[in-house]
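To start, the structure itself, in structure tokens.
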Amino acid sequence: LRTSDGRSELHFDPLLLSQSGEYSCTVEVEGFPFPSTQSIFVDIDFLVTSPRIAVRASRQGPYYSGTALNLTCDIELDPAIDVPVVERVQWIIGGVIFTPPLTIDRITITEESVVFFPVDVVDSTVFRCDVQFSTESAYRPGGQFEL
């Protein structure tokens, strides 16, 4: 809250999504029996641009059979969006959709990663991280990695 020259102002820097809500200003003047109150509802909308989504490997290739490998789904959102917006993460592996958490034989799948212990020649395929967002302008961008 800033006050100058008899004026008060509420200044947001940076403006965050969580700051939506009702704001009131009450003025009490000596000699008047009742305070004066004005309220305003601030509905903050953001133009959500596509976040950066990438699938990254725990190490650089080449990848050899019998070694461990961890693929992660990295999601980078605008820092002004300070409320949870990720609704669901799925992995599409070789065209098959896997909804985490899931363990199949030597592969563990979570929302954040796919862990091979150990990786095998038969694992050579395309890995895609598919993210669904809960914002009004919902979209499903994804990142992918080819092994």
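Details
- Residue list for segment 56-77, filter: outside any loop (DSSP other than H, G, I, E, B) and among the polar types (S, T, N, Q): Asn70, Thr72
- Residues in segment 96-107 that are in contact with a strand residue (DSSP E or B) (Cβ under 6 Å, 6 or more places away or on another chain) and more than 17 Å from Gly66 (Cβ to Cβ): Ile97, Phe98, Thr99, Pro100, Leu102.
- Selection status of Ile81, within 30 Å of Phe12 (Cβ to Cβ), open to solvent by 30 Å² or more (accessible area, probe 1.4 Å) and at pLDDT below 85: no
The values are calculated or read from the model by the stated rules, or taken from the named source; none is laboratory data. It should be emphasised that the depicted structure is a prediction, and the values quoted were computed from it without experimental measurement. Cβ sites come from the backbone with ideal geometry, for glycine too, and all protein chains shown count toward neighbours. Only protein heavy atoms, including side chains, enter the accessible area calculation; ligands, DNA and RNA are left aside. Shrake-Rupley method; radii C 1.70, N 1.55, O 1.52, S 1.80 Å.
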